[in-house]
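Below is one structure, written out as structure tokens, with a few remarks after it.
The values are calculated or read from the model by the stated rules, or taken from the named source; none is laboratory data. Note that this is a predicted model, so its numbers are computed, not measured. All Cβ positions, even for glycine, are placed from backbone atoms using ideal geometry, and neighbour counts span all protein chains on display.
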Amino acid sequence: MSRVLGGLIDRNKPIQFQFNGKTYGGFAGDTLASALLANDVRLMGRSFKYHRPRGPLTAGSEEPNALVTLGTGVYAEPNARATVAELYEGLSARSQNHIGSLSFDLMAINDVLSPFFAAGFYYKTFMWPKAFWEKLYEPVIRHAAGLGKLSGLPDPDAYEKGYLHCDLLIIGAGPAGLAAALTAGRAGADVILADEDFELGGRLNSETYALGDQSGSAWAIGVLAELASLPNVRVMARTTIYGAFDHGIFGALEQNIGGKVRQTLWRIYTKRSLLCAGATERPIAFANNDRPGIMLGSALRSYANRWAALPARDIAIFTNNDEGHRTARDLRALGANITAVIDSRLDAPKSTDYPIHAGAVVTDSAGRLGLRSVTVQLATGETRQIAAGALGVSGGWNPNLHLTCHQRGRPIWNADLASFVPNTAPVGMLVAGAANGQMTAVLADGMDKALQIMTDLGIVAKAISLPVAEETPVRLTPLFHVPGKGRAWLDQQNDVTVKDVKLAHQEGYISVEHLKRYTTLGMATDQGKTSNIGGLAVMAEMTGKSIPDTGTTIFRPPYTPVSIAAFAGRSAGRDFRPTRLTPSHHWAAEQGAVFVEVGMWLRAQWFPRAGETTWRQSVDREVLATRKSVGICDVTTLGKIDVQGRDAARFLDRVYANGFAKLAVGKVRYGLMLREDGMVMDDGTTARLAEDHFITTTTTANAVSVFRHMEFCRQCLWPDLDVQLMSITESWAQYSVAGPNARALLQRIVDAEHDISNNAFPYMACGQITVCGGLRARLFRISFSGELAFEIAVPTRYGDALMRRMVEVGAEFDAVVYGTEALGVMRIEKGHVAGNELNGTTTALTLGMGAMVSKSKDSIGAVLSTREGMTAPDGLALVGFRPVNPSDSFAAGSHLMAKHGAVNAANDQGYVTSLCYSPHLGHVIGLGLIKNGAARHGEVMRAVNPVQNTETLVEVVSPHFIDPKGERLRA
Amino acid sequence: MIINHPLLGPRDAAEFVYLGDANLMARPDWQAENAADLFYEYLYLRDNPAGLHRELWYHEQGDRSWLVVTRNTVTHEITDVTLARAQRQVQS
């Protein structure tokens, strides 16, 4: 075992875990990567395209290589970064993207075939013969490329959402963040301190620099203990701030360990924010720089200092700055054999503890499944092989400025650091410490920025005493890649090499945005955190421009991947949206009703009875029984809007195409609502209960949008009108009672003092009544079925009781309860339009209601409904269809063609909108829209269904299949 | 986004429904001689400014107020929020 002394792991808590079926030991505080390295496992995965053996490059969330699948079966989580996966007892992890074993991957043949997979290969395959793409490339690529696989089974875990508010959100609990949190926390501000790590402290936990008289990590523990004691400070570990959104809103993803909820997606509302996200070290590219064991120098220090893990005994360092020497000192102190420090600078520091090669570069590496040696070109030009099981590469630091870019912020180039630093940040955000390019005095920077923010918020704050930090300034000579022959990896996750970038340039991709998309550099799940600058540098070299002139890196949310499950939260499956139940839903369920989703509502579709084996049998029975005697239907879901005020009638006059001013109290009228462009928006009935009181109904589907539209008209167009609106859809349960015995049934429940005879309560009457001995109710004599019919409404809580009572008293008349299918059949038989006809493309004229659009008053849509084209005489018009041969059927959606002639779009005469089997007529009937429809009754046409390749001869008829004179409804 | 509702204070944009340009409040006179042209322009012709934009938002998950929100389409900064009905009454 390569476990050394020290570290922040808890050696009193050993943990057993599995990797690729083999059991290993680790400790609490380990990550999967640190525990595997401590077990001498460097090989953790295969690369995306070439299936190259790979180990961790980093020790953090920027990891491109060490992607594994955590857990098994339904709990399997693919593409987890081993470098941040907290170790727990029983963890079972598997490597990904190989066929056969990890050490002998059959797909490694791709590496040999690499000339075929160079930059743009994917695009180029599109240009080759189509058959090749479908039969060869696509299946092969789909199979070979890619990352881990989902189980394909429903996710058993719970995901939660939460909302938080604070004065100050501090992003990152490293030295700057901790100093800031302590400053603001002591001042009494509401502070949230969030960090993606499970162990807070940032680089303090990975470095050996002292803070005053104690270690950095010990100082962090002390500060965290004080923060935990402050009720106004909320410390959130394992919480990634993944996005900075408008107006100080941040998205955060919290990993929960061991609880019922796997992840919590937080929305954090802040007055101010302070980004203390630190910096990410970047590699230097050289040939075969991707072997397991080659990692960032800072990652080597993290593994050694924080996790007491050395990936190998013999370790070499490759650096362009002083950090590499610090790595060598730290590792040597823990017992590593430093075989060489290769410093690209001629003025490299000197040491007697290990060999230092100034002005030298690493040009190649060797070792099939893990690093064995590196090839070094010395300043003299001579090359030398140096043994190393691990190589720590230090190319400089890139500030983690990602969140400053989320609101169009563009970073600027800092020549001293040879990296981009923040320029502008979202409103309310300051940046402190390494994230701001401030590599020394970060504690003071964190405190100062917090003090500045407190002053801004009007909170009195005092400076805190900070320990003196041992630190050295950055001294760096930029080096991004070592020129040479072999493949030098820039983006290890997407397998993009220096050569790929050069090839893209040769092929004309000189814009950095095009380069990215062509080579896919920086477009993997790590979003190029370790590769973007290198890619830009190579591009700059090719174009002869400076890096800032070549382009900037720009980052968008999320900072690290967020699972779709977290965004969905509990809104999955049945809970994707609310389900609305009508008051008599449970009664219907007791009857065995089959339900259908209508918007958010569940409505009874039909009520099967014993012996009925098909839905048609049930529906035919419900229709025939209703037309013969009486049927009851739950119509609660229709939108109901209460309109009150002195100007209520004037308001309705303007909202509806037809007039309401003259509607008498106690009467109902059908209303047609247009959009301002003249198309039909919705229809419904409006009842006048009093001079200044109307009840308007909408279709179920448009209840919300019509109400919104009416509020728009009221507030934005005519605020001078005295009118108030209230949605009462959920306040009243409403039932249609239809059929020749509808009145007789209702007379059994309507209290005796209310006369509902035909004389006293004629067709289109309405009134406020009482039922069942004093229960207030509203009665409307309206009909959708074409029968003598009423709609009766009672307060919602009595809906269930009323339904049961009506069924009870209806037994005498063999009353049936019918669902939405029978409702639909009866409205088609009657020729009433519904959603299929009110489809957003139809006008009043189309639907045969052109005369309803009043020309003598102002109403929404009236002016534009007169436009040329909407009033053309050969426009579509509503008609009915019946098959010439009564046993034939045809499909809704069929297009109508003349009896003879070609079937094509030019000959298209219109289409079938609604269709049903009419048990009353004994054959299929349809409604539809055809050109010049009113003049074509009697014509025989073909209903053509090109999808199913069928044609049916149909006769154009009146859309009113029953009782065209309306005698039944007036009975 | 946060919209500072004149009656209810700061509210998350998720509570609102967006409609569009606040010029939709300036509905033309239906009896004007060129009413058809005026309505055509009212309904279909819009400015698309990169900068300040007056627009209508409806507090559907709240008090049902229609608001006129002045928002910078480049930065999303909101500089003014008023009740549509109040603004409309001032104009008329």
By residue number, the members of region A:756-771 that are without any contact (Cβ under 8 Å) to a residue 60 or more places away in the chain and over 21 Å from A:ILE695 (Cβ atoms) are A:SER757, A:ASN759
From the option list B:LEU7, B:LEU19, single residue qualifying as within 30 Å of A:LYS271 (Cβ to Cβ) and either more than 11 Å from chain A (Cβ to nearest Cβ) or assigned to a helix (DSSP H, G or I) (or both) is B:LEU7
Out of all the residues in region A:865-884, is one or more within 14 Å of another protein chain (Cβ to nearest Cβ), farther than 20 Å from A:HIS960 by Cβ and surrounded by 21 or more Cβ atoms within 10 Å (Cβ to Cβ)? yes
Per the filter on region B:29-53, residues in a loop (DSSP other than H, G, I, E, B) and at the interface with chain A (Cβ under 8 Å from one of its Cβ atoms) are B:TRP30, B:GLN31
Can you tell me which residue in region A:433-459 is nearest to the other protein chains (Cβ to nearest Cβ), limited to those that are outside any helix (DSSP H, G or I) and out of contact with any strand residue (DSSP E or B) (no Cβ under 6 Å at 6 or more places or on another chain)? A:GLY458
For region A:946-971, which residues satisfy the criterion of being assigned to a strand (DSSP E or B), polar (S, T, N, Q) and surrounded by fewer than 17 Cβ atoms within 10 Å (Cβ to Cβ)? A:THR950
Of everything in region A:912-934, what is free of Cβ contacts under 8 Å to residues at least 60 places away in the same chain and surrounded by 14 or more Cβ atoms within 10 Å (Cβ to Cβ)? Give them in sequence order. A:VAL912, A:HIS923, A:VAL924, A:GLY928, A:ILE930, A:LYS931, A:ASN932, A:GLY933
Of the residues in region A:495-521, how many are under 28 Å from the mean Cα position of the chain (by Cα) and either within 20 Å of A:VAL84 (Cα to Cα) or hydroxyl-bearing (Ser, Thr, Tyr) (or both)? 3
Do we find a residue being of a type in the set (Ser, Thr, Tyr) and surrounded by fewer than 17 Cβ atoms within 10 Å (Cβ to Cβ) anywhere in region A:570-591? yes
Answer from A:LEU36, A:LEU43, A:LEU106 - the residue that is of a type in the set (A, V, I, L, M), at pLDDT 90 or above and out of contact with any Pro (no Cβ under 8 Å at 6 or more places or on another chain): A:LEU36
May I ask you to list the residues in region A:922-940 that are at pLDDT 95 or above and part of a loop (DSSP other than H, G, I, E, B)? A:GLY922, A:HIS937, A:GLY938, A:GLU939
Given (1) part of a loop (DSSP other than H, G, I, E, B); (2) in contact with a Phe, Trp or Tyr (Cβ under 6 Å, 6 or more places away or on another chain); (3) of a type in the set (Val, Ile, Thr), where does A:ILE860 come up short, assuming only one miss? (2)
Examine region A:262-269 for a residue that is hydrophobic (A, V, I, L, M, F, W, C) and away from chain B (no Cβ under 14 Å), and state whether such a residue exists. no
Take region A:35-67 and flag every residue that is in contact (Cβ under 8 Å) with a residue 60 or more places away in the chain, aliphatic (A, V, I, L, M) and part of a loop (DSSP other than H, G, I, E, B). A:LEU43, A:MET44, A:LEU57, A:ALA59
What single numbered condition from (1) in contact with a helix residue (DSSP H, G or I) (Cβ under 9 Å, 6 or more places away or on another chain); (2) crowded, with 20+ Cβ neighbours inside 10 Å fails to hold for A:THR239? (1)
Go through region A:167-193 and give me each residue that's closer than 15 Å to A:MET429 by Cα and either surrounded by fewer than 24 Cβ atoms within 10 Å (Cβ to Cβ) or under 25 Å from the mean Cα position of the chain (by Cα) (or both). A:ASP167, A:LEU169, A:ILE171
What are the pairs, 6+ residues apart or on separate chains, where a residue within region B:63-81 that is within 12 Å of chain A (Cβ to nearest Cβ) has its Cβ under 9 Å from a residue that is hydroxyl-bearing (Ser, Thr, Tyr) and surrounded by 21 or more Cβ atoms within 10 Å (Cβ to Cβ)? B:ARG64/B:TYR58; B:SER65/B:TYR58; B:TRP66/B:TYR58; B:LEU67/B:TYR58
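For (1) aliphatic (A, V, I, L, M); (2) touching a helix residue (DSSP H, G or I) at 6+ places or on another chain (Cβ under 9 Å), each residue gets a yes or a no:
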{"site": "B:ILE2", "(1), (2)": "yes, yes"}
{"site": "B:ARG27", "(1), (2)": "no, yes"}
{"site": "B:TYR40", "(1), (2)": "no, yes"}
{"site": "B:ASP47", "(1), (2)": "no, yes"}
{"site": "B:LEU52", "(1), (2)": "yes, no"}
{"site": "B:GLY62", "(1), (2)": "no, yes"}
{"site": "B:LEU67", "(1), (2)": "yes, yes"}
{"site": "B:THR79", "(1), (2)": "no, no"}
Do you know which of the residues in region A:72-113 that are among the aromatic types (Phe, Trp, Tyr) and assigned to a loop (DSSP other than H, G, I, E, B) is surrounded by the fewest Cβ atoms within 10 Å (Cβ to Cβ)? A:PHE104
How many residues, within region B:82-92, are at pLDDT 90 or above and within 8 Å of another protein chain (Cβ to nearest Cβ)? 3
Wholly within region A:326-408, strands (runs of 3 or more DSSP E) carrying at least 1 residues that are within 14 Å of chain B (Cβ to nearest Cβ): none
Is it fair to say A:ARG267 is surrounded by fewer than 20 Cβ atoms within 10 Å (Cβ to Cβ) and either β-branched (Val, Ile, Thr) or assigned to a strand (DSSP E or B) (or both)? yes
Does region A:415-428 include one or more residues that are more than 15 Å from A:PRO175 (Cβ to Cβ), among the hydroxyl-bearing types (Ser, Thr, Tyr) and modelled with pLDDT of 95 or more? no
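Each row is one residue, and each column tells you yes or no for (1) in a loop (DSSP other than H, G, I, E, B); (2) away from chain B (no Cβ under 14 Å); (3) among the polar types (S, T, N, Q).
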residue: A:ARG714; (1), (2), (3): no, no, no
residue: A:ASP722; (1), (2), (3): yes, no, no
residue: A:GLU730; (1), (2), (3): yes, yes, no
residue: A:ALA752; (1), (2), (3): yes, yes, no
residue: A:ASP755; (1), (2), (3): yes, yes, no
residue: A:ASN759; (1), (2), (3): yes, yes, yes
residue: A:PRO762; (1), (2), (3): yes, yes, no
residue: A:GLY773; (1), (2), (3): yes, yes, no
residue: A:ARG778; (1), (2), (3): no, yes, no
Quick check: anything in region A:856-864 touching a strand residue (DSSP E or B) at 6+ places or on another chain (Cβ under 8 Å) and either more than 14 Å from every other protein chain (Cβ to nearest Cβ) or surrounded by fewer than 20 Cβ atoms within 10 Å (Cβ to Cβ) (or both)? no
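Quick grid of which residues meet (1) more than 14 Å from chain B (Cβ to nearest Cβ); (2) crowded, with 18+ Cβ neighbours inside 10 Å; (3) not aromatic (Phe, Trp, Tyr):
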{"residue": "A:ARG669", "(1), (2), (3)": "yes, yes, yes"}
{"residue": "A:ARG675", "(1), (2), (3)": "no, no, yes"}
{"residue": "A:HIS693", "(1), (2), (3)": "yes, no, yes"}
{"residue": "A:THR700", "(1), (2), (3)": "yes, yes, yes"}
{"residue": "A:VAL704", "(1), (2), (3)": "no, no, yes"}
{"residue": "A:MET710", "(1), (2), (3)": "no, yes, yes"}
